[in-house]
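The next block holds one structure in the form of structure tokens; read it before the comments.
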């Protein structure tokens with residue numbers, strides 16, 4: 001891992017984020033109507049005083065270029081604007097909501113990759129076997145099910161038929177003041193259904209992908225070499241083959257992250273999970289644009305960070321890329 | 001019989017979309033300790049399948065050993081358990097492959113890959129395996145082996161990689177070493193070095209070597225005995241000098257007359273032989289007669305209907321009606 | 001072991017693909033299912049009648065209880081069958097339109113980037129990467145809210161957020177094909193860039209793009225459903241997503257108003273993806289041997 005690569009990657013990430021800021025700015029201005037009204041939000045019940053303060057803060061009476069610079073300056077200072085519905089700075093709103101989303105998204109990502117890869121590897125051992133058939137049927141079905149509908153079905157199932165997992169929120173009301181281990185277990189208990197709902201689509205895709213990737217790797221010369229030196233089938237499969245088959249899986253995992261955040265938005269809405277997606281949903285209903293824009297900015301930032309992490313781990317996993325610019 | 005490795009009447013079949021085809025038929029070969037057996041023929045003639053059968057690496061399915069025996073020190077490998085084969089592979093017998101560029105795992109260092117082979121068959125700890133790996137790299141002529149052991153395959157040249165493959169193959173002093181076109185992918189100058197290395201290794205370890213090649217030049221340099229294969233059968237077998245000087249089978253004669261090509265690039269394995277028109281017939285189209293008949297300049301009516309068997313006619317064993325009946 | 005038998009007459013690739021496709025049973029099931037769904041949404045309401053917005057019966061009538069309303073009613077007492085039959089049209093139309101927009105933008109961007117290379121490629125690929133950073137559903141939500149939801153804005157929004165993958169695919173195909181002899185030949189006889197891009201390279205890049213277009217329709221349908229579910233569909237048009245979204249609050253009282261539209265979406269996307277997989281297999285006969 002060389003630092004100049006990392007620095008370049010970080011710089012590029014910042015540039016992308018600057019792009020998101022400019023896009024946000026343009027969207028508000030391209031929308032029909034008075035930007036001040038748009039920012040105040042249709043349901044915010046904008047008073048004249050409020051509109052004046054918005055015009056002041058965003059410099060809406062100044063030339064567009066100045067407005068853009070002002071806006072960028074605000075964002076650089078961590079000021080994403082004010083939510084007139086919640087009566088709070090957007091940045092602090094997001095700060096309250098970001099951890100639940102990260103918890104949900106990362107749990108779902110880990111679940112889907114681990115289970116998906118295991119299924120895919122098992123399927124690859126017998127390309128025409130039962131497991132292979134299961135993986136491809138499962139992948140096709142997983143692709144076609146709307147994620148919010150899976151969530152709703154699980155809510156119905158677990159709320160009325162098997163009430164073993166909570167279907168709403170992140171913490172139980174009666175355990176609200178609990179701390180430490182009890183709290184953690186409570187959150188984990190609430191996490192099961194949302195995380196599984198979000199994971200299941202991607203799980204199917206990872207299973208299909210890792211099956212294909214393993215089949216390709218298993219046909220390569222170095223696998224024959226490994227067998228020729230007397231490695232056990234398990235070592236051939238999980239050490240020699242999987243290390244190579246993991247490379248395309250890693251690429252997809254990075255690209256998938258944005259979709260995962262989109263999916264989280266729906267899942268959070270279904271399960272009332274108090275994350276950024278739920279916040280976006282609530283703000284959209286109220287036309288609370290500063291909050292929506294803030295969430296878009298922050299969610300894009302998460303994708304950028306995920307992409308950088310993917311690139312770095314890819315370099316660690318593939319020695320052929322190490323030390324290259 | 002004091003043969004170390006003995007292949008007897010081996011028949012290997014593959015399930016394809018044309019039904020079951022026979023890739024190897026009645027193949028019998030043997031090799032003694034310290035001896036080098038050359039196996040020659042065009043690509044697709046069954047050389048590599050023979051080697052993979054010995055190693056127990058035939059992809060099953062679609063492939064399977066239908067008949068015959070492969071005996072290593074008297075133990076029939078076709079009856080051995082997978083566990084037993086794992087212990088033998090890389091231990092008692094080892095293989096060097098044609099493509100050094102792709103035969104090493106790209107994500108592990110070459111030192112780790114050699115050390116792994118050592119630890120699979122010897123009771124040594126990781127540090128000792130690592131030292132042994134470095135010593136082996138030194139033995140196969142890789143400069144500053146302690147540094148190179150930490151390299152990944154893509155950091156080495158083709159010749160270097162083939163040396164690594166050889167180091168890995170001989171790491172447990174195998175009794176039988178199979179080299180499948182070990183130099184085809186390499187420059188001519190490097191080819192000679194690899195052959196020298198194999199000869200040294202053989203002198204040092206006393207291994208039997210099976211050298212698979214389509215290059216008669218390599219045979220004349222390395223082999224004690226030669227088996228010529230065509231369409232899944234051995235069609236001529238004798239001491240190397242005999243085959244080189246007095247080839248009997250028309251196909252073997254064609255191969256030998258290609259030798260002048262030695263010195264310049266001997267060409268890829270798929271090259272059509274200049275002296276023999278046509279290509280090896282696809283296995284599912286093999287008929288009742290001699291598989292070579294269609295390409296043979298001396299074809300007789302009998303050749304199209306009756307498969308010639310390997311038998312000593314005159315000079316040495318050959319499978320050809322013409323030689324048998326003396327009109328060729 | 002290779003098949004060296006190449007004696008048979010070479011056929012046109014499209015014809016060969018069609019032959020492969022015709023023998024692919026899952027793909028044919030997909031075609032049949034999708035045709036049935038399209039026919040039902042086009043002509044179903046003509047035979048069945050009834051406005052899906054009309055309140056016709058008691059709320060939350062379970063399915064199978066009343067013969068007139070075989071699938072029951074929703075939280076307001078609206079007929080679910082009428083909703084399913086009319087709700088498919090907008091969903092399918094938006095799906096198809098969004099896929100067309102996605103392919104249009106994606107192919108143009110990818111073709112220009114792949115063909116011209118250099119700074120054009122660099123610029124267009126940076127733009128593509130930028131769009132890939134934006135979480136698609138969130139960005140589409142913003143667009144739809146800002147420009148007020150209608151079938152047109154929804155299709156536009158979905159198209160605007162979905163094209164980057166198509167652009168990458170097209171670019172990769174163009175990079176591959178532009179090095180082939182017939183492209184050089186076309187250039188040698190003086191064909192202009194525009195002609196080479198659209199008339200020489202694009203037709204040869206079509207097979208993977210057709211597969212991708214099919215799968216894009218499926219993704220777009222799911223996307224439309226997701227937006228409608230979030231309440232961002234066109235409120236004046238009944239759609240499957242809207243049916244799920246509007247009944248969401250009452251799922252613990254009545255499972256059927258959300259289950260049936262969900263199944264309808266599932267079967268539509270499932271049939272589309274069966275067709276997509278079938279096309280993929282048909283265009284890549286080698287993959288089938290696995």
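The values are calculated or read from the model by the stated rules, or taken from the named source; none is laboratory data. Every value quoted in this text rests on a predicted model; they were computed, and no experiment measured them. Here the Cβ is made from the backbone with ideal geometry for all residues, glycine too, and neighbour counts use every protein chain on show.
Data overview
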| item | result |
| --- | --- |
| Condition check for residue B:76: over 30 Å from residue B:147 (Cα atoms) and free of Cβ contacts under 8 Å to residues at least 40 places away in the same chain | yes |
| Of all residues in segment A:191-207 being in contact (Cβ under 8 Å) with a residue 40 or more places away in the chain and surrounded by fewer than 22 Cβ atoms within 10 Å (Cβ to Cβ), the one that is nearest to residue A:249 (Cα to Cα) | A:205 |
| Any hit, segment B:238-254, residues being without any contact (Cβ under 8 Å) to a residue 60 or more places away in the chain, surrounded by fewer than 24 Cβ atoms within 10 Å (Cβ to Cβ) and out of contact with any helix residue (DSSP H, G or I) (no Cβ under 9 Å at 6 or more places or on another chain) | yes |
| Residue count, segment A:142-180 (criterion: modelled with pLDDT of 85 or more, out of contact with any helix residue (DSSP H, G or I) (no Cβ under 6 Å at 6 or more places or on another chain) and either surrounded by fewer than 16 Cβ atoms within 10 Å (Cβ to Cβ) or not in a helix (DSSP H, G or I) (or both)) | 1 |
| In segment C:228-247, the residues that are touching a helix residue (DSSP H, G or I) at 6+ places or on another chain (Cβ under 8 Å) and surrounded by fewer than 20 Cβ atoms within 10 Å (Cβ to Cβ) | C:231, C:235 |
| Verdict on residue B:264 being in a loop (DSSP other than H, G, I, E, B) and at pLDDT 75 or above | no |
| Matching residues, segment C:169-189, being surrounded by 18 or more Cβ atoms within 10 Å (Cβ to Cβ) and assigned to a helix (DSSP H, G or I) | C:169, C:170, C:171, C:173, C:174, C:177, C:183 |
| Options B:68, B:41; residue that is under 26 Å from residue B:249 (Cα atoms) and under 13 Å from the mean Cα position of the chain (by Cα) | B:41 |
| All helices (runs of 4 or more DSSP H) inside segment B:117-215 with 1 or more residues being touching a strand residue (DSSP E or B) at 6+ places or on another chain (Cβ under 6 Å) | B:158-169, B:188-205 |
| Filter result for residue C:158 (crowded, with 24+ Cβ neighbours inside 10 Å, touching a helix residue (DSSP H, G or I) at 6+ places or on another chain (Cβ under 6 Å), more than 20 Å from residue C:97 (Cα to Cα) and within 13 Å of another protein chain (Cβ to nearest Cβ)) | no |
| Tally, over segment B:280-297, of residues that are free of Cβ contacts under 8 Å to residues at least 60 places away in the same chain and outside any loop (DSSP other than H, G, I, E, B) | 4 |
| Considering residues of segment A:208-223 that are facing chain B (nearest Cβ under 7 Å) and surrounded by fewer than 21 Cβ atoms within 10 Å (Cβ to Cβ) only, the residue nearest to residue A:140 (Cα to Cα) | A:220 |
| Output for segment A:131-141, where each listed residue is buried (at least 16 other Cβ atoms within 10 Å of the Cβ) and within 11 Å of chain C (Cβ to nearest Cβ) | A:132, A:136, A:139, A:140, A:141 |
| Members of segment B:71-88 found to be surrounded by 13 or more Cβ atoms within 10 Å (Cβ to Cβ) and within 11 Å of chain A (Cβ to nearest Cβ), listed by number | B:84, B:85, B:86, B:87, B:88 |
| Residue match in segment B:89-102 (condition: within 13 Å of another protein chain (Cβ to nearest Cβ), touching a helix residue (DSSP H, G or I) at 6+ places or on another chain (Cβ under 7 Å), within 30 Å of residue A:316 (Cα to Cα) and part of a helix (DSSP H, G or I)) | no |
| Matching residues in segment B:298-327 - criterion: being buried (at least 17 other Cβ atoms within 10 Å of the Cβ) and in a loop (DSSP other than H, G, I, E, B) | B:299, B:307, B:308, B:310, B:319, B:320 |
| Evaluation of residue C:207 against (1) modelled with pLDDT under 85; (2) farther than 23 Å from residue A:259 by Cα (one fails), failing number | (1) |
| Unmet criterion (only one of (1) away from every other protein chain (no Cβ under 14 Å); (2) modelled with pLDDT under 80; (3) loosely packed, with under 14 Cβ neighbours inside 10 Å) for residue C:69 | (3) |
| Candidates B:34, B:38 - the one that is in contact with a helix residue (DSSP H, G or I) (Cβ under 8 Å, 6 or more places away or on another chain) and buried (at least 16 other Cβ atoms within 10 Å of the Cβ) | B:38 |
| Top-ranked residue in segment A:271-288 [being facing chain C (nearest Cβ under 8 Å) and over 16 Å from the mean Cα position of the chain (by Cα); ranked as surrounded by the fewest Cβ atoms within 10 Å (Cβ to Cβ)] | A:285 |
| Among the candidates A:31, A:36, A:46, residue that is at pLDDT below 70 and surrounded by 17 or more Cβ atoms within 10 Å (Cβ to Cβ) | A:46 |
| Residue in segment C:164-177 that is without any contact (Cβ under 8 Å) to a residue 40 or more places away in the chain and out of contact with any helix residue (DSSP H, G or I) (no Cβ under 7 Å at 6 or more places or on another chain) present | yes |
| So residue B:68, is it surrounded by fewer than 24 Cβ atoms within 10 Å (Cβ to Cβ) and at positive phi | yes |
| Residues satisfying the stated conditions in segment A:116-130, i.e. part of a helix (DSSP H, G or I), surrounded by fewer than 18 Cβ atoms within 10 Å (Cβ to Cβ) and free of Cβ contacts under 8 Å to residues at least 40 places away in the same chain | A:118, A:130 |
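Table: residues versus (1) surrounded by 24 or more Cβ atoms within 10 Å (Cβ to Cβ); (2) farther than 28 Å from residue C:42 by Cα; (3) modelled with pLDDT under 90.
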| residue | (1), (2), (3) |
| --- | --- |
| C:78 | yes, no, yes |
| C:85 | yes, no, yes |
| C:107 | yes, yes, no |
| C:110 | yes, yes, no |
| C:147 | no, yes, yes |
| C:167 | yes, yes, no |
